[in-house]
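Heads up, the thing below is written out as structure tokens.
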Amino acid sequence: MKQKIGILALQGDFEAHARRLSELGAAAVLVRKMNQLDALDGLIIPGGESSVFLNLLGEKGFATLSEFVMTKPVFGTCAGCILLAREVENPPQKGMGALDITVRRNAYGRQIDSTIVEGPTKLPGGPLEQVYIRAPRIERVGPAVAVLAERDGHPVLIRPGRRPAATFHPELSPDTRVHAAFLALAGQGGK
Ligand code: GLN
């Protein structure tokens, strides 16, 4: 049976994630209502504006989503990574506390707010293209957080247990390795 992976589709670039998942043979479900979460094997929280996500979710949506995040595999990219974090800076903002990290929003400033770099990764298959758009920077990771790629000494792709996160946009590169790694995690189910 196809894996059913949700993509939070309140805002941001959810379509590109859906394409990557389809290429890998998974069923992509665009999640607009929290009651859609029940049927899913995992969820992607895409890039966008994390503060806008918080507004659109409201208190109740945030609580329901946090509950899902604690029990199922979830992959956060860019704004999604910010939403999953324990501590958010610049400015301080509520996070779900699912990732033991401190993340700084819009940390690269206006001049270089968007860029594409190719860098080494611990994922098999050689260097990884990384598309950054008004990206956050991970300033601190807890001891249990595996770092799979770094940029200028800061983690950009991490895997703490079943909740990987990237500060860049893997869905905007043709390389499907990052999504494939998430599907492999989601295939192992639950906590
Ligand atoms: N700048 C956004 C934020 O702070 C994240 C940017 C993105 O997701 N591409 O939420």
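On the basis of the beta-carbon distance and an R0 of 25 Å, A27 and E87 show a calculated FRET efficiency of 0.15. Projecting the Cα atoms of S173, P92, I133 onto the dipole axis of the chain, where Lys and Arg carry +1 and Asp and Glu carry -1 at the beta carbon, places P92 farthest toward the positive end. For the Cα trace of the range 61-141, dividing Rg by the Kirkwood Rh returns an Rg/Rh value of 1.01. Projecting the Cα positions of L54, L123, G42 onto the charge dipole of the chain (unit charges on Cβ atoms of Lys, Arg, Asp and Glu, taken about the Cα centre) puts G42 furthest along the positive direction.
About the centre of its Cα atoms, the chain shows a dipole size close to 380 debye [charges on the beta carbon of Lys, Arg (+1) and Asp, Glu (-1) only; nearest 20 debye].
Each Lys and Arg contributes +1 and each Asp and Glu -1, all at the Cβ; summed about the Cα centre of the range 44-122, the dipole is approximately 40 debye.
Lysine pairs in the chain whose alpha-carbon atoms fall under 26 angstrom of each other, counting only those eight or more residues apart or on distinct chains, come to 19.
Values in this text are rule-based calculations from the coordinates and carry no lab data. All values derive from a computational prediction rather than experimental measurement. Cβ: placed from backbone, ideal geometry, glycine included. Neighbour counts: every protein chain shown.
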